[in-house]
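These notes are about the structure you will find just below.
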Amino acid sequence: MTEEVSIRVEGGVGRITLTRPSALHALNTPMCAAILAALQGWAGDPSVDLVLIDHQEGTRGFCAGGDIRMLAESGAGDASEARGFFATEYRMNVALDEFPKPVLAIMDGVTMGGGVGLSVHGSHRIATERTLFAMPETGIGLFPDVGGGWFLPRLAGELGTWLALTGDRLKGVDVAAARVATHFLPSELVPNLMKQIASADFSVGAAEMLNEILRTLTHAIPAGSFEAHKQTINTCFAFNTAEEILAALEADGGEWALAQLKTLRSKSPETVKVALRQLREGRRCKTFRENMQMEYRIGWRKVQSHDFQEGVRAVIIDKDNAPAWSPARIEDVPASMVDKYFEPLGEDELTF
């Protein structure tokens, strides 16, 4: 167990509360291991009817992601610690996806990377006006993992492709409009929600009871602000090569399209291509486990890549925000460089 996550059962509700405020509750291996063990134990425990995931009251963020600095330091060596983290985190993602009872995540605050993986695979997901969602990995040379290959291509149209490649952010009600969250609730009503959950009997019809509580508290979800760019997103990001996406955005010529083009040009060229293939492969995966095995193959190798090491240096360590990507242009990334990330790992494949 670890002091950075609080795990307990209260009145039939399995509670998982992130308690690492100094790092915006970013996940590390002990946290993922503790959550995984709890989910495995609760899945068949008749005294647990519902799981609730939140963060420590009075602290910022829901979960800012994973321990990026550790991944880079490990990747600079033999990468064993980084690969161990991925294996534990991805098994946790699978346990959430396959959990046989309702899982409610309250995404109140920054929800990025690993925090998305901790929430988006559950059955009920609440965004508040403070929710800030992003999968920003192309900006540090990693890739949109934790199931990004599964859930992003299953968002409407090419919304997930746009979010994955550009790392753009969704705020507040837009998180629910995109269906990353299932409900929207003003943060001032979260204490009311917690009181109702604490007093409810979930022993019979837990999902129905939770749905009824949420129906009385949550607000209607309007169209997302991104809808104004829906046609451009669905047209320009529908291609299977990054070069075609860039050409389509340039041909569009609109102010918003050209801003996306500029953003894509600033990201790791190798990672843009890897992420695009990840989403196209993930869309074809028949099971979530199959997708996570694919992502483990990518992660196994990505932590040791030049662009990840350079991205972490530029964004997190030196903070000069001037990464020297290699290759420097999307057009210069050969298919063979992308292919290697998807090759089977033999005896090192992720198992469950």
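Points worth noting:
- Of the residues GLU57, GLU98, the single one that is of a type in the set (Asp, Glu) and touching a residue at least 40 places away in the same chain (Cβ under 8 Å) is GLU98.
- Some residue of the range 234-244 being out of contact with any helix residue (DSSP H, G or I) (no Cβ under 7 Å at 6 or more places or on another chain), more than 20 Å from PRO144 (Cβ to Cβ), in a helix (DSSP H, G or I) and without any contact (Cβ under 8 Å) to a residue 40 or more places away in the chain: no
- Subset of the range 138-150 [part of a helix (DSSP H, G or I) and buried (at least 24 other Cβ atoms within 10 Å of the Cβ)]: THR138, GLY148, GLY149, TRP150
- Residue that is surrounded by fewer than 19 Cβ atoms within 10 Å (Cβ to Cβ) and under 26 Å from LEU50 (Cβ atoms), where the choices are ALA156, ALA198: ALA198
- Between GLN309, GLN293, GLN260, GLN304, the distinction of being closer than 30 Å to GLU227 by Cβ and either in contact with a strand residue (DSSP E or B) (Cβ under 7 Å, 6 or more places away or on another chain) or not aliphatic (A, V, I, L, M) (or both) belongs to GLN260 only.
- Of all residue pairs spaced 6 or more apart or on separate chains, those with beta-carbon atoms under 8 Å, a first member in the range 18-36 that is farther than 16 Å from MET70 by Cα and a second member that is assigned to a loop (DSSP other than H, G, I, E, B) and among the hydrophobic types (A, V, I, L, M, F, W, C) are LEU18/PHE62; ALA34/MET1.
- Filter result (within 17 Å of LEU276 (Cα to Cα) and surrounded by fewer than 23 Cβ atoms within 10 Å (Cβ to Cβ)) within the range 295-317: TYR296, ARG297, ARG301
- For the range 318-352, the tally of residues that are on the phi < 0 side of the Ramachandran plot, in a helix (DSSP H, G or I) and loosely packed, with under 14 Cβ neighbours inside 10 Å stands at 8.
- Members of the range 278-326 found to be among the hydrophobic types (A, V, I, L, M, F, W, C), touching a residue at least 60 places away in the same chain (Cβ under 8 Å) and within 26 Å of ASN240 (Cα to Cα), listed by number: LEU279, CYS285, PHE288, MET292, MET294, ILE298, TRP300, VAL303, PHE308, TRP325
Table: residues versus (1) modelled with pLDDT under 95; (2) in contact with a helix residue (DSSP H, G or I) (Cβ under 8 Å, 6 or more places away or on another chain); (3) within 25 Å of LYS101 (Cα to Cα).
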site: MET1; (1), (2), (3): yes, yes, yes
site: ARG8; (1), (2), (3): no, no, yes
site: ILE16; (1), (2), (3): no, yes, yes
site: LEU27; (1), (2), (3): no, yes, yes
site: ALA37; (1), (2), (3): no, no, yes
site: ALA43; (1), (2), (3): no, yes, yes
site: PRO46; (1), (2), (3): no, no, yes
site: LEU50; (1), (2), (3): no, yes, yes
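- Residue count, the range 130-145 (criterion: of a type outside the set (Ser, Thr, Tyr) and in contact with a strand residue (DSSP E or B) (Cβ under 8 Å, 6 or more places away or on another chain)): 5
- The condition of being in a helix (DSSP H, G or I), at pLDDT 95 or above and either among the hydrophobic types (A, V, I, L, M, F, W, C) or over 12 Å from PHE143 (Cα atoms) (or both) holds for only one of ARG297, ARG301, ARG280, that being ARG280.
- Subset of the range 184-233 (residues that are basic (Lys, Arg) and either in contact with a Lys or Arg (Cβ under 9 Å, 6 or more places away or on another chain) or in contact (Cβ under 8 Å) with a residue 40 or more places away in the chain (or both)): LYS230
- Residues satisfying the stated conditions in the range 15-30, i.e. of a type in the set (A, V, I, L, M) and part of a loop (DSSP other than H, G, I, E, B): LEU24, ALA26
- For the range 20-52, a tally of residues being of a type in the set (Ser, Thr, Tyr) and surrounded by fewer than 16 Cβ atoms within 10 Å (Cβ to Cβ) returns 2.
The values are calculated or read from the model by the stated rules, or taken from the named source; none is laboratory data. Treat the numbers as computed from the prediction; the structure is a model and nothing was measured. Note: ideal-geometry Cβ built from the backbone for every residue, glycine included; neighbour counts use all protein chains shown.
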